[in-house]
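Each remark here refers to the structure printed beneath this line.
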Amino acid sequence: MASGSSSICGIGHLQKECYYEWMCTQSKHIVDLKEGLMSQQSNAYDHHKLEELVGRIVNDFQKYAERRLELADRCCSGYLAPSWNSSLENGLLWIGGCRPSSFMRIIYALCGSHAETQLFQYLLKMDEEVVDVHDGDSSMSELNAMQLAKINDLHVEVIDKEDKITKLSANMQEDVADMPIAVTAFSRDSVEADVAVEDALDKHEEGMAVLIAEADKLRLYTLKKIVEVLTPVQAAEFLLSGKRLHVSLHEWGRVREERRFGCARAEDAAAARGGAGKSKRSTTC
């Protein structure tokens, strides 16, 4: 039993290490995307480098998902309510990560925000003083009708797939209240699980690992489809916004917990700062 607990602890450490490595990679992506978008201003018609950067970032996420799958196969529970996350982050999780449909919400938010800024500049007659940083390409405020239609169709498709995975997850949660787990819990004063219960719990974890894999597959599919629809500049803006949101939520959740509970999770907080940047907002500003 001790060796089993030791093995689980070892896997948990690898999962946490994998996450902090990914956060460190996210921080580098943020810097690279900001630099890429700034370079685009001075050489608006050369999208090759920005396109390469976007492709590399998508590939990095695919590698991260593959590593997660490998670790989830050994013990998936750690990904459903990660100890390295704040309560805020865990409350927003969907099957071990973000909802793929939220990617489209980011696009809609960026479209509205950029359009509002441009309208504000126009009304103040500031157009002459504003440099068009996307000359030769389109920013998120300039999605055309065909792009918007494709994004909308993808949104509908992804929500439908999310619902199917959510229903499978709900069925698996209900199974815990069935035989033999519930009956064994009712009939015994001891908390020790017998072979039948252990087998049932193992089967439950295996099923949840499959769902995490399906959810990650949908996240990656959605990301790739969005990048196909957007121009290189739009894709870079989208990725930068999504990564800033992820890093910011992690930091905001940590700060809120420290404010409420004192020095809770001090070790995880220190590790998070090491992975997401030395200063609190250095990678997100």
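For the range 155-258, what does the relative contact order come out to in percent, with C-alpha contacts under 8 Å and a separation of six or more? The normalised contact order for the range 155-258 reaches 31 percent.
With N the number of residues in the range 183-249, Rg(Cα) / (2.2 N^0.38 Å) evaluates to 1.96. Taking only the alpha carbons of the range 216-266, we obtain Rg and Dmax values of 15.9, 45 Å in that order.
Extending 7 Å from Cα along the Cβ direction at E206 and again at V255 yields two label points whose distance is 4.6 nm.
How large is the Rg to Rh ratio of the range 16-102 when both quantities use alpha carbon positions and Rh follows Kirkwood?
Rg/Rh: 1.07.
Pairs exceeding a 32 Å alpha-carbon distance, out of K63/K164; K34/K224; K49/K164; K16/K150; K28/K203: K49/K164; K16/K150; K28/K203. Residue separation of S39 and L14 scaled by 0.36 nm, minus their Cα-Cα distance, works out to 5.3 nm of gained length.
Ordered from highest to lowest accessible area with the whole protein assembly present and a 1.4 Å probe, D60, D163 read as D163, D60. Each pair of Cα atoms in the range 137-252 enters the Kirkwood radius, and Stokes-Einstein at 20 °C and 1.002 mPa s then converts it into a translational diffusion coefficient of 121 µm²/s.
Per-residue packing, averaged as other Cβ atoms within 10 Å, sorts the ranges 242-254, 142-154 into the order 242-254, 142-154, beginning with the highest.
Here V54 sits with roughly 10 square angstrom of accessible surface, probe radius 1.4 Å.
The values are calculated or read from the model by the stated rules, or taken from the named source; none is laboratory data. All values derive from a computational prediction rather than experimental measurement. Positions of Cβ are generated from backbone atoms using ideal geometry, with glycine treated the same way; all protein chains shown enter the neighbour counts. Keep in mind that these areas ignore ligands, DNA and RNA; they rest on the heavy atoms of the full protein, side chains included. Shrake-Rupley method; radii C 1.70, N 1.55, O 1.52, S 1.80 Å.
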